[in-house]
Each structure stands twice: as C-alpha cells, then as structure tokens.
1. Return the pairs, sorted by first residue and then second, in which the second residue is of a type in the set (S, T, N, Q) and modelled with pLDDT under 95, the first residue lies in region 21-46 and is under 21 Å from Pro7 (Cα atoms) and surrounded by 10 or more Cβ atoms within 10 Å (Cβ to Cβ), the beta carbons are less than 9 Å apart, and the residues are 6+ apart or on different chains.
2. Being modelled with pLDDT of 70 or more and basic (Lys, Arg) is the requirement here; does Lys70 meet it?
3. Taking the options Glu34, Glu85, Glu62, name whichever one is modelled with pLDDT under 90, more than 22 Å from the chain's Cα centre (by Cα) and among the acidic types (Asp, Glu).
4. What are the residues in region 1-46 that are of a type in the set (Phe, Trp, Tyr) and part of a helix (DSSP H, G or I), if any?
Amino acid sequence: MKAISYPKVYTVEEFARIFKLSPEAVRNLIRQGEILAIRIGRQYRIPQDVVDRYFAQAIPPEERGFGMWKRRPLPALSFVNRLREKDRRTPEAFLKDMVEDD
C-alpha cells in the first residue's frame, strides 16, 4: 500500500512568526477570509500554498518586473490630450516637424 503524501501545513503561531505578525492578527485575517485556513476543532492549519502566495505578494511590484505600472495607466484619449496641452506648437509647426523627422 502506497503512503499518501499531504502538503505541509503551519499553525497560526508558525505563520505569525514567518510574517512577523501577532497570532491574533493572523486569526483575524483568517476570520476575515484573507488567509485561507483549515479549521480542526478549535485550531487552524494554514497550507503551504497559502504561505507561498503570501510570500509572492510580499515582493514589491518593481522586483516582479512591473515597476513601470506604479501609477495607473491613463486612457489613451486622456494621454493624448495631456501631450497636446504640453505641446505649445501650432498645428502647422507640428506638421512641419513631423515631415522633417522623416
């Protein structure tokens, strides 16, 4: 008979120690549904994949390669209008510059 392999689970105290939180803060997050946990009697167990997900969220977006999205992107029309506001050239000067760039 083959032994069944179960994922590693953490107690509230272990999870709290890993993330430098108080056990009560972890229990509150569990009750609010922000941390998924298994309830066994009066105790909670937090699966390894939940811990992994929290570590992934703890990495700043810049380090995940999304530094360019720090600010919310503007809709295209707003972006173009902002560029137009900054550009003080007349339409004729703008077209002349466009032709000269080619």
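The values are calculated or read from the model by the stated rules, or taken from the named source; none is laboratory data. Small disclaimer: the values here were computed from a predicted structure and weren't measured. Quick reminder, even Gly has a Cβ in these numbers, built from the backbone with ideal geometry, and neighbours come from all protein chains shown.
1. Glu34/Asn28
2. For Lys70, the condition - modelled with pLDDT of 70 or more and basic (Lys, Arg) - is not met.
3. Result: Glu85 is the single residue among Glu34, Glu85, Glu62 that is modelled with pLDDT under 90, more than 22 Å from the chain's Cα centre (by Cα) and among the acidic types (Asp, Glu).
4. If the condition is that a residue be of a type in the set (Phe, Trp, Tyr) and part of a helix (DSSP H, G or I), then Phe15 is the only one that fits.
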